[in-house]
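Asks: Got a structure here, written out as structure tokens. Questions coming.
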Amino acid sequence: MLGKSPWKMAVAATAIVLLASGCSGSGSEDADYTNSAIIGILEPEHLVPSNTTEVSGTQVLESLFYPLVSFDAQNQPVERAAQSITSPDNKVWTVKLKKDFTFSNDEPVTADNYINAWNYAAYGPNAQLGAYFFERIAGYADLQARDPDGAGPEKPAAPKASALTGLRKIDDLTFTITLSAPFAGWKSVLAYNVFYPLPKAAFSAPGVISEGYEDAPIGNGPFKMKGSWEHDTQIQVVRRDNFKGDKPKVAGIIWKIYQDQQSEYADLVAGNVDVQTTIPVESLSSASGDLGDRFKKSPNSAFQFVGFPTFQKEFQNPDVRKAISMAVNREEMTKQIFLDSQTPATAFVSPAVNGYRPNSCGVACKYDPGKARTLYKSAGGPPSLTISYNADGPHKAWVDAMCNQIRASLGVNCTGIGEPKFSNLLAKAENKQPVGMLRLGWVMDYPLMESYLGPLYTTTGSANFWGYNNSTFDDLVKAGDAAKTPADSIKKWQQAEDILAKDMPVIPLRFGQNVYGYSERTSNVTVDLFGEVDIYKIEIAVDK
Amino acid sequence: MFRYLVRRLLQMILTFVGATFIVYALTFANADDPIQALAGERPVTKAVRETLTERYHLNDPFLVQYWYYLKGLLTGDFGTSLTGRRISAMIEQAWPVTIKLALLSIVIAATVAIVAGVISGVRRGSIFDNSTLALTLLVLALPIVVLAPLAQLIFGIKLGWFPPTAGRNASLYALLLPALVLGSLVFATELRVTRSSVAENLRADYVRTARAKGLSRRRVIGVHVLRNSLIPVITLIGVDIGTLMSGAIVTEGVFNIPGVGFNLLRGIRTEDGPLVVGFVSVLVLVFLVVNLLVDLLYAALDPRIRYE
């Protein structure tokens, strides 16, 4: 039998394990922490540029890669890695790259790096989440696999081609992009991270990204990886001294990974993280007390709205939709529920884009309970309304508040319905089940009105889940795409937006804002329209 | 003893397969559209959807999917998560910190509970006894979702005694606060059980005999009473491992510890079946092994117990 001694042994063993684990864990890298800005993010899903569409991954990639263009304060695209991007007809675009740029493994950046990366991104079987950006380039359709039985068990046939016909190399530093239809705003689109180049080292074979690449991406940017991606912990990057583009001011960045915004906020207040780009709603009321003037707000591109399932009969009369919109008090909602962290929306595109007009929605977005009630009655609106939302997001409070407003203004019953997940919401709308009004949000891909008008409201729009269709509107958006100059485009798009104000396919509710905070040793912190920290401007005071 | 061990191990295999099956079925029932969950609120193109569906066998019937998974598991392959990370690597990275945290909180909770339980069992009705009663009631009443952020706010931010978050490579000191919070989940019941068990054993015949033999009070309580009183407490600690693991889902989130609890939560949120099942399988294994060890410890505590 075990006798008397196992007792003491068990205690001793536990003590040893605890001590050992305690000692092994404390590999401190204090020097890195004092020289680098520590910016909080969530665990990125991917670090391959074309597969990254969420903000945390995008933010990390921004430090490792240098974009062809980026935006100035007026949202105009400005060349960065590109020397020039020109087009005589908005259809064939010539990209000239700047000389002497290298990847962090000293490989020169050439036109091939862009072409190969883009072909990889657009190739259907690679299933890159950012593939839809390449839809405008000629030959995109031939790179998509045609599955004989949809999502069925049979393997899809290989696509017809593996390279976009619209991409052509002229010389080492020049290539052309041919679009399938002219698009005046194409230069702005190129700023997105899916258009970053990939080095030869990223590919293990033509068209195959090597398995370890994502753990330590090699880019053409101002920083390079130090070590590799420590999943769920941090990603550390250090400044490249031989970098030819704009030089950031900090010696390095530690992208510290949090699972939860509350815990990130706790670290921000305690000074363990330098920047938090999104302060959680729960902490907003105490943030200005905790952070003083280090608590800041800046506009971003988020647009929150409620869509009408126009396939449902009771919502087919635009006057019903207008009446419901007029029954909602947007100011009260942003003030009481969002504590001014969002602003009331009275337009169909975000203020972040050129061509935005502050009140394009007109009277239909003005709170007027009396008028709303008479209009609703005369238009024969349904006797009860529902607003569906996904219960895994922070939506219950404002949906209930909105319902209360509608109930008070229109005198009809209104209830909020929580669907477990966003996909449940979409599935119902896509199958044209009677879903009632549904809550949705949108952030832009590039700062053009088209980034809202196209996906959200055109008949074939990728995020038009409520079945709005108006061919005049579609034509105007297309005419805007094809216009000669960006100014002409905006004119057409504004005309299209005017149609929305008449038709009211959605109720615009709120525009997003970045509510961010930073530590005492940090300065010059700005968060842009995409919710990203400007890594070129941020500075830290290094203790001597 | 040997036959007992073999029997238990065989039972463990059955339990293990059964548990993974049930968990797989549950996550399967929970998953509506993992691909949409991956893309957040952005639209997913048809090509992406089709390719990912084929890659992860998402469209196959449940039993076929489970078969793919089991086949991988039997060859030691836990599969990949929907974001393309190897689940075996994720488990490897997540376990050390969770084990550290769990051990720390077990040790703290058990030490405090047993010491305080013995004292209040010996001095029933004293001020100490009554105040521990009040304290345990308070701790039992506070759910961990309240306790964890509260402790973080008070001790991490306002008083600044502990770092507010820990992280993967946290020092023992940084883990102390989360361990205390986690330990509070189990400390209260352990204390109550120790107390009643000690109180009962104090009246037992063998204690009277020991006293009559003239043994010192310290020896009577420390050796004779304690050893017999620990059997129910040890059982409880074994079962508590499960409580600690589920409590870790909250604690690890609040204190930013990328351990098992956090990964489970992420897997559930992103409808990532293989990820959830991978972590639960290992959890089930730990739970089974710990409880086997607990059963074996009985024999050490009470020589009358024999396993055949």
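Every read-out reported here was derived from the displayed coordinates using simple, explicitly stated rules and does not represent laboratory data. Everything numeric in this text was worked out from a predicted model, so none of it was measured. We place every Cβ from the backbone using ideal geometry, glycine too, and count neighbours over all the protein chains shown.
Asks: What is the average number of partner chain Cβ atoms found within 10 Å of a Cβ in A:238-251?
Replies: For peptide A:238-251, the averaged partner shielding equals 0.
Asks: In nm, to one decimal, how far is the modelled label at residue B:243 from the one at residue B:22, with both set 7 Å along Cα→Cβ?
Replies: Each label point is offset 7 Å from its Cα along the Cβ direction, giving 2.0 nm.
Asks: Between beta-carbons, use under 12 Å as the cut-off and find the net charge around residue A:403, counting Lys and Arg +1, Asp and Glu -1.
Replies: Surrounding charge for residue A:403 is +2.
Asks: Measuring from centroid to centroid over Cα atoms, what is the spacing of the stretch A:199-278 and the stretch A:328-378 in Å?
Replies: Result: 39 Å between the Cα centres.
Asks: To the nearest 0.05, how large is the calculated FRET efficiency for residue B:208 and residue B:145 if R₀ is 56 Å and r is the Cβ-Cβ distance?
Replies: With a Förster radius of 56 Å, E is 0.75.
Asks: Round to a whole angstrom and tell me the spacing of the C-alpha centers of the stretch B:1-48 and the stretch A:447-469.
Replies: 38
Asks: Let me ask something else about it. Which helices, taking whole DSSP H runs in chain A, have alpha carbons extending 18 angstrom or more along the helix axis plus mean Kyte-Doolittle at least 0.0?
Replies: In chain A, the long hydrophobic H runs are A:6-25, A:396-410.
Asks: Leaving out same-chain residues fewer than 8 places away, which aspartates and glutamates sit with a Cα under 12 Å from that of residue A:98?
Replies: A:79, A:172
Asks: Now for a different question. Any idea how far apart residue A:92 and residue B:124 come out in nm if each label point goes 7 Å out from Cα toward Cβ?
Replies: In this crude label model, residue A:92 to residue B:124 measures out at 9.8 nm.
Asks: Compute the FRET efficiency between residue B:30 and residue A:335 as 1/(1 + (r/R0)^6), taking r as their Cβ-Cβ distance and R0 = 45 Å, and round to the nearest 0.05.
Replies: 0.75
Asks: Once both axes come from the Cα atoms, what is the angle between helix B:46-55 and the longest principal axis of chain B, in degrees from 0 to 90, rounded to 10?
Replies: The two axes meet at around 50 degrees.
Asks: Taking residue A:160 as the anchor, which lysines have their alpha carbon closer than 22 Å to its alpha carbon, excluding any fewer than eight residues away along the same chain?
Replies: Excluding near neighbours in sequence, the set is A:169, B:46.
Asks: Give me the extension gain from residue B:298 to residue B:89: residue separation times 0.36 nm, minus the current Cα-Cα distance, reported in nm with one decimal.
Replies: So the chain would gain 71.7 nm between residue B:298 and residue B:89.
Asks: Residues of B:165-178, mean number of Cβ from any other protein chain within 10 Å of their own Cβ, rounded to a whole number?
Replies: 5
Asks: Starting from the Cα of residue A:491, step 7 Å toward the Cβ, then list every residue of the stretch A:454-479 with an amide N under 13 Å from that point.
Replies: none
Asks: Another one. Can you give the % of DSSP beta bridges in the protein assembly as shown that are antiparallel, to the nearest 5?
Replies: If we restrict to bridges inside the protein assembly as shown, about 75 percent are antiparallel.
Asks: Let me ask something else about it. What FRET efficiency would be calculated for the residue pair residue A:282, residue A:459, taking the C-beta separation as r and a Förster radius of 30 Å, to the nearest 0.05?
Replies: Given R0 = 30 Å and the Cβ-Cβ separation, E is 0.15.
Asks: Here's something else I'd like to know. Helix B:127-141 against the longest principal axis of chain B: what's the angle in degrees, Cα atoms only, rounded to the nearest 10?
Replies: 10
Asks: Starting from the exponent 0.38 and prefactor 2.2 Å, build the expected Rg for the protein assembly as shown from its residue count and divide its actual Cα Rg by it.
Replies: Its radius of gyration relative to the 2.2 N^0.38 Å reference: 1.08.
Asks: Please tell me which of these pairs span more than 26 angstrom C-alpha to C-alpha: A:226/B:71; A:377/A:491; A:256/A:296; A:224/B:158; A:224/B:100; A:313/A:335?
Replies: Beyond 26 Å: A:226/B:71; A:377/A:491; A:224/B:158; A:224/B:100; A:313/A:335.
Asks: Would you mind ranking A:520, A:79, A:135 by Cβ crowding within 10 Å, fewest neighbours first?
Replies: A:520, A:135, A:79
Asks: Between residue B:215 and residue B:200, what is the label-point separation in nm under the 7 Å Cα-to-beta-carbon projection?
Replies: A separation of 2.0 nm, rounded to one decimal place.
Asks: Nearest 10 degrees, 0 to 90: what angle lies between the long axis of helix B:87-122 and the longest principal axis of chain B (Cα atoms)?
Replies: Its long axis makes an angle of about 20 degrees.
Asks: Counting only other chains, what is the mean number of Cβ atoms within 10 angstrom of the Cβ of each residue in peptide B:51-64?
Replies: Shielding by partners across B:51-64 averages 3.
Asks: How do A:254, A:279 rank when sorted from fewest to most other Cβ atoms within 10 Å of their own Cβ?
Replies: Exposure proxy ranking, most exposed first: A:254, A:279.
Asks: If we count every other residue with Cβ under 13 angstrom of residue A:315's Cβ, Lys/Arg +1 and Asp/Glu -1, where does the sum land?
Replies: Every neighbour counted, the sum reads +1.
Asks: Remind me, relative contact order of chain A in percent, using alpha carbon pairs under 8 angstrom and six or more residues apart?
Replies: 18 percent.
Asks: From the phi angles alone, apply the Karplus equation (6.51, -1.76, 1.60; θ = phi - 60°) to the stretch B:279-285 and give each ³J(HN,Hα) in whole Hz, x where the residue is Gly or Pro.
Replies: Values, residue by residue: 5, 5, 4, 5, 4, 4, 4 Hz.
Asks: Using amide H atoms built 1.01 Å from N in the peptide plane, name the residues 5+ places from residue A:66, or on other chains, whose amide H lies under 5 Å from its own.
Replies: A:220, A:221
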